[in-house]
Amino acid sequence: MTLTADLFLIVCPLAFLAGFLDSIAGGGGIISLPAYYLAGLPPALAAGTNKLSAMMAAATATFNYARACKVVLRVGVPAVLGALLCSTLGALTLTALPETTVRILVLCCIPIAAVFTLRKPKPREGKERSEKAAFLLAFLVGGAVGFYDGLIGPGTGTFLILLFLQLFRMEAVEAGGTAKLVNLASNFAALVSLIFTGHVLFLLGIPAGACGMLGAFLGSKLTIKKGGRLIQGMMLLVLAGLLVKILYDIVFPA
C-alpha cells in the first residue's frame, strides 16, 4: 500500500485524540479504528495497525498510572489472565454468530452501563473478600471483558473501569489505571497474532502510535490530577459514541 501525506494527516491527529480519550475512560477504538478505514486501509490491515498504535498509547498511560501508584495489581493481574484466555474465545464466537445479532445484544447493554456509570458505588459492608475470592472475581471480570473485546472491541476499557468501580469499590483513577493494564495485555496478545499474519502497516502505525502516546500521556496526567469526576463524564461520552457507532453499523452494514 502506498503511503501518502494525506494518510498521516487523517490518522495521526485522530490517533492522538483516541489515545487521550482512551487513557481517561476507554473507548479510543471508536475513534482510531474508523480513522484507518477513512485512510483507505482494508479491514484486516486497519485492525492490525490500530492494535499497534493502541498498544503504544496504552503502554504510556499504564506507565503514568503505575508511577502514580494507581494500578491495583491484585485485581489487574488476574484480570489480565482472564482477558488473555477469553479474547480468543470471543473472536471465535464472532465467526459463529450473525454480526447484527451480536451488535443488537451490545446495544441493549449500553443503557444499563450508562445507569451504572451514574450510580455512585456504595462502600462495601461486612467482611472483605478473601484473596482467593478476589482473584477469582477479577479473573472472571477480565474474562468477560476479554470475551467482549474479541467479539466487538470498542468500549472494552470503559466496561473494565465500570466493573472495577462497581465490584471492587475502587477509587475512579485506580479503576482507570488498572483497566489500562488489562487493555495493554489484550492489545499486545492481539498484536502478536496480527503481526504473524502480516496485517500490521508499521510505517503508518508507528507514527500514529507516537501521536497516541502523546495523547495518552496528557490524558492520564489530567485524570490523575482531576480524579473521578472527569472519568465519569468521559465514560458517558464514550458510551454515547459507542451507541451511535453500533446503531450506524446495524443500519448501514459494511
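The values are calculated or read from the model by the stated rules, or taken from the named source; none is laboratory data. Keep in mind that this is a model prediction, so the values were computed, not measured. Neighbour counts are summed over all protein chains in view; Cβ atoms, including those assigned to glycine, are modelled from backbone coordinates with ideal geometry.
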Taking only the range 66-81 into account, find how many residues are of a type outside the set (A, V, I, L, M, F, W, C) and closer than 22 Å to Ala144 by Cβ.
3
Pair list, Cβ under 6 Å, 6 or more apart: the range 240-251 residue closer than 13 Å to Gly153 by Cα, other residue among the charged types (D, E, K, R):
Ile246/Arg103
Note: among Ala138, Ala210, Ala134, just one is surrounded by fewer than 24 Cβ atoms within 10 Å (Cβ to Cβ), in contact (Cβ under 8 Å) with a residue 60 or more places away in the chain, touching a Lys or Arg at 6+ places or on another chain (Cβ under 8 Å) and small (Gly, Ala, Ser), namely Ala134
Gly27, sole failed condition from (1) assigned to a helix (DSSP H, G or I); (2) touching a residue at least 24 places away in the same chain (Cβ under 8 Å); (3) among the small types (Gly, Ala, Ser):
(1)
Return a yes/no flag: does the range 84-107 have any residue that is crowded, with 18+ Cβ neighbours inside 10 Å and modelled with pLDDT of 85 or more.
yes
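One line per residue, one yes/no per condition, for (1) part of a helix (DSSP H, G or I); (2) of a type in the set (A, V, I, L, M); (3) in contact with a Gly (Cβ under 9 Å, 6 or more places away or on another chain); (4) crowded, with 23+ Cβ neighbours inside 10 Å:
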| residue | (1), (2), (3), (4) |
| --- | --- |
| Leu9 | yes, yes, no, no |
| Ser23 | yes, no, yes, yes |
| Pro34 | yes, no, no, no |
| Thr49 | yes, no, yes, yes |
| Ala57 | yes, yes, yes, yes |
| Thr60 | yes, no, yes, yes |
| Ala66 | yes, yes, yes, no |
| Lys70 | no, no, yes, no |
Note on the range 72-83: residues crowded, with 23+ Cβ neighbours inside 10 Å and out of contact with any helix residue (DSSP H, G or I) (no Cβ under 6 Å at 6 or more places or on another chain) are none
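Kindly indicate the residue of the range 213-223 that is of a type in the set (A, V, I, L, M, F, W, C) and surrounded by fewer than 22 Cβ atoms within 10 Å (Cβ to Cβ) and also farthest from Leu41 (Cα to Cα) among those meeting that condition.
Residue satisfying both the conditions and the ranking: Leu222.
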Looking at Ala54, is it closer than 20 Å to Phe147 by Cβ and under 13 Å from the mean Cα position of the chain (by Cα)?
yes
The residue that is modelled with the lowest pLDDT, considering only those in the range 168-216 that are of a type in the set (Val, Ile, Thr), in a helix (DSSP H, G or I) and more than 19 Å from Gly76 (Cβ to Cβ), is Val192
Is one or more of the residues making up the range 220-229 under 17 Å from the mean Cα position of the chain (by Cα) and in contact (Cβ under 8 Å) with a residue 60 or more places away in the chain?
yes
